[in-house]
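A short write-up of the structure that comes next.
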Amino acid sequence: MDYRGGSIMSIDFPEICPTRRTYTPGEYATKRFTAINGASKSRLYGSKAFDAELSMSFLLNDADMASLLGSWHASKGGFYTLDLPDSVFAGVSSVLQTQIPSYLQWRWAEMPSVESVMPNRSRVQVQLIATLDS
């Protein structure tokens, strides 16, 4: 594993603004135990949510597309975490942004999907997942 300053290396996500964004808050580590008579008890195994999802669509020129693919390759897919720029959340109020936990580490959840729509223009779908890394 590569380390910088004692922590796992983080890769810059390009300074691009999505045309569409969907955020799904993460899950808490809980387990429900149900007895044969139907009585149940829930256990909470952690105080932090994890596996939040961020889906984004972009309409990019070739230079921005190259930056995005460069980030994918530099992060080795979902291996290294991503530093997301403010542009990813452009248009989201600061009140709402406070509900996206800062302790989450964003990673690629899957390969970016690229559709060429005309010369020098591509529509791109990106799926990120937020993990709890120590």
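Here is how the numbers come out for the structure above:
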read-out: Subset of segment 44-63 that is buried (at least 18 other Cβ atoms within 10 Å of the Cβ) and not aliphatic (A, V, I, L, M) - its residue that is nearest to F33 (Cα to Cα); value: F50
read-out: E27, sole failed condition from (1) in contact with an Asp or Glu (Cβ under 6 Å, 6 or more places away or on another chain); (2) surrounded by 17 or more Cβ atoms within 10 Å (Cβ to Cβ); value: (2)
read-out: Odd one out for Y3, checked against (1) surrounded by 10 or more Cβ atoms within 10 Å (Cβ to Cβ); (2) within 25 Å of A74 (Cα to Cα); (3) among the aromatic types (F, W, Y); (4) at pLDDT below 95; value: (1)
read-out: When residues of segment 91-112 are limited to those that are out of contact with any Gly (no Cβ under 9 Å at 6 or more places or on another chain) and open to solvent by less than 60 Å² (accessible area, probe 1.4 Å), the one nearest to I129 (Cα to Cα); value: W106
read-out: Pair list, Cβ under 8 Å, 6 or more apart: segment 90-111 residue of a type in the set (D, E), other residue assigned to a strand (DSSP E or B); value: E110/Q127
read-out: Within segment 23-134, strands (runs of 3 or more DSSP E) holding 2 or more residues that are of a type in the set (V, I, T); value: 30-34, 113-118, 121-131
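The values are calculated or read from the model by the stated rules, or taken from the named source; none is laboratory data. Source: prediction; values computed, not measured. Please note: Cβ atoms are built from the backbone with ideal geometry, for glycine as well, and neighbour counts cover all protein chains shown. Just the protein is used for accessible areas: all its heavy atoms, side chains included, with ligands, DNA and RNA removed. Shrake-Rupley method; radii C 1.70, N 1.55, O 1.52, S 1.80 Å.
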